[in-house]
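> Take this structure, written in structure tokens, and hold onto it; I'll ask about it next.
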Amino acid sequence: MTEARSFLTELKSANDRFYVTISDTEKSEVINNAFRVYQGIIDDWQVDNDFEIVSSFLENTDYKIVAEKLNKNRSLMWKREKSLRYKEYVSLKQVIYYLGHNHHV
């Protein structure tokens, strides 16, 4: 319990929302660094302005389909995909998933 409180205190001071601790401390550090980058990407998204667009990208990864679904210009959706760093978000999710499920890394 004391260890859990210590982790919570550390999380609050670092403004991190994610924290993983496992017996392999090096892997823990790598996973936590990946989550820190992940948090940075999603924290840049503005809920009021980006929710509909991000939700659409989560359903359809092609900006052309997203543009059609939202009745927006394709060029605008291509730019929004870049500014939201959507491909980086997806790639990082895959890295985190791999690290979490692969015991030999």
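The values are calculated or read from the model by the stated rules, or taken from the named source; none is laboratory data. A quick note: this is a predicted structure, and the numbers were derived from the prediction, not measured. When we count neighbours, we look across all protein chains shown, and the Cβ atoms used for this are built from the backbone with ideal geometry, even at glycine.
> Considering region 30-55 alone, what residues qualify as being over 8 Å from the mean Cα position of the chain (by Cα) and polar (S, T, N, Q)?
Across region 30-55, the qualifying residues are ASN32, ASN33, GLN46, ASN49, SER55.
> Scanning region 42-72 for residues that are in contact (Cβ under 8 Å) with a residue 24 or more places away in the chain and of a type in the set (A, V, I, L, M), which turns out surrounded by the most Cβ atoms within 10 Å (Cβ to Cβ)?
The qualifying residue surrounded by the most Cβ atoms within 10 Å (Cβ to Cβ) is ILE53.
> Within region 22-66, which residues are of a type in the set (A, V, I, L, M) and within 23 Å of LYS79 (Cβ to Cβ)?
VAL37, ILE41, ILE42, VAL47, ILE53, VAL54, LEU58, ILE65, VAL66
> Among GLU59, GLU68, which is more than 29 Å from HIS101 (Cβ to Cβ) and either over 15 Å from the mean Cα position of the chain (by Cα) or modelled with pLDDT of 95 or more (or both)?
Of GLU59, GLU68, the one residue that is more than 29 Å from HIS101 (Cβ to Cβ) and either over 15 Å from the mean Cα position of the chain (by Cα) or modelled with pLDDT of 95 or more (or both) is GLU68.
> Now for a different question. Tell me which residues, restricted to region 73-87, are of a type outside the set (Phe, Trp, Tyr), in contact (Cβ under 8 Å) with a residue 24 or more places away in the chain and in a helix (DSSP H, G or I).
MET77, ARG80, GLU81
> Of the numbered conditions (1) without any contact (Cβ under 8 Å) to a residue 24 or more places away in the chain; (2) within 30 Å of ILE22 (Cα to Cα), VAL90 satisfies every one except a single condition; which is it?
Condition (1) is where VAL90 drops out.
> Please work out which residue is modelled with the highest pLDDT, limiting yourself to region 6-41 and to residues that are assigned to a helix (DSSP H, G or I) and farther than 27 Å from HIS103 by Cα.
Only one residue fits best here, namely THR9.
> A follow-up question, please. Whether any residue in region 73-82 is under 26 Å from VAL20 (Cα atoms), modelled with pLDDT of 95 or more and loosely packed, with under 14 Cβ neighbours inside 10 Å is what I want to check.
No - not one qualifying residue is present in region 73-82.
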